[in-house]
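Scroll down for the structure; my scribbles are underneath it.
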Amino acid sequence: MTKAELRRDMRTRLAALGPARAGKSQAIATSIAAHPAVLRRRRIALFSPLPSEPDIEELWKTSPGQFCYPRIVRGELEFVEVARLADLTISPWHPQIREPVDPAARIVLPAEIEVILVPGLAFTRRGQRLGRGGGNYDRYLATLRSSTLKLGVCFAMQIVEMLPTEPHDQRVDAVATEEGIFAL
C-alpha cells in the first residue's frame, strides 16, 4: 500500500470512530500522565488535536510540567510556550487546528523539549510513523536531542504492521494508544 492509500484508509477508519473517541482519548491521556518518563520531565510538547485525533489536552489537569504547542511560521514548525489552553486560537492555515498566536510568546528551542507527543495517521510497533504528508514533524523531530522522548499518540486501530518509508522519515521511541504505551 502506498502512503497516499494508507492515509485515505486511516482517514476513513478515524471518521468511523465517532463518540468512542472521547473514552479512548481519556485512556490515552491517563497512560501518558502515568508514564515514568513523562512524570520525570518538565518541558512537554503537546499538539492541538484534529477532531479525528486523540484528545490529549486532559494532560493539562493531570500532568505537571510546562507545555508548549506547535505553530507553523514561514512553512516551518516551531514550538511556543503556552501558559493555558485559552492561549490557543484557530490557526490561520487550518480551521480545525488551534495554535499559539501571540507573536511575543517565547519560542521553545528543540534542546529544551524533554518529551514530545507526536500525532500521526499510522504507526508501527517499531516506531515508524505516517504523518499527514507535509513533513513538518519529520523535519522537527530530526532537530531534537537523542534524550528527548518522542512519543507517538494514536488509537490502537492506527497501528499497522508495515509502513512505506523514505530516508527523511523519523521514528518515535514509543507509542501511546488506549491500550497503553509500548516502548520500542
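The values are calculated or read from the model by the stated rules, or taken from the named source; none is laboratory data. In this text the structure is predicted, and so the values were computed from the model without any measurement. Methodologically, a virtual Cβ is constructed for each residue, glycine included, from the backbone with ideal geometry; neighbour enumeration extends over all protein chains shown.
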Return yes or no: is Pro54 within 26 Å of Glu179 (Cα to Cα), in contact with a helix residue (DSSP H, G or I) (Cβ under 9 Å, 6 or more places away or on another chain) and at pLDDT 95 or above?
yes
Given (1) surrounded by fewer than 17 Cβ atoms within 10 Å (Cβ to Cβ); (2) over 22 Å from Ile159 (Cα atoms); (3) in contact (Cβ under 8 Å) with a residue 60 or more places away in the chain, identify the lone condition not met by Lys61.
(3)
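For (1) surrounded by fewer than 13 Cβ atoms within 10 Å (Cβ to Cβ); (2) in contact with a Pro (Cβ under 6 Å, 6 or more places away or on another chain); (3) of a type in the set (A, V, I, L, M), each residue gets a yes or a no:
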position: Gly23; (1), (2), (3): yes, no, no
position: Ser31; (1), (2), (3): no, no, no
position: Pro36; (1), (2), (3): yes, no, no
position: Leu46; (1), (2), (3): no, no, yes
position: Pro100; (1), (2), (3): no, no, no
For the range 126-143, what are the residues that are closer than 13 Å to Ile113 by Cβ and touching a residue at least 60 places away in the same chain (Cβ under 8 Å)?
Tyr137, Tyr140
The lone exception for Ala105 - which of (1) surrounded by fewer than 21 Cβ atoms within 10 Å (Cβ to Cβ); (2) of a type outside the set (Lys, Arg); (3) under 22 Å from Ser25 (Cα atoms) it fails:
(3)
Just checking, does the range 120-131 include any residue being farther than 27 Å from Ala183 by Cα, polar (S, T, N, Q) and more than 14 Å from the chain's Cα centre (by Cα)?
no
Please identify the pairs in which a residue from the range 73-98 that is more than 21 Å from Lys61 (Cβ to Cβ) has its Cβ atom under 7 Å from the Cβ atom of a residue that is among the polar types (S, T, N, Q), counting only partners at least 6 apart or on another chain.
Leu77/Asn136; Ile97/Ser48; Ile97/Ser91
Please return the ranges of strands (runs of 3 or more DSSP E) entirely within the range 128-184 where 1 or more residues are surrounded by fewer than 19 Cβ atoms within 10 Å (Cβ to Cβ) and out of contact with any strand residue (DSSP E or B) (no Cβ under 9 Å at 6 or more places or on another chain).
180-183
Return the residue satisfying two criteria in turn: it lies in the range 24-38 and is under 18 Å from Pro119 (Cα atoms) and out of contact with any strand residue (DSSP E or B) (no Cβ under 7 Å at 6 or more places or on another chain), and of such residues it is modelled with the lowest pLDDT.
Ala33
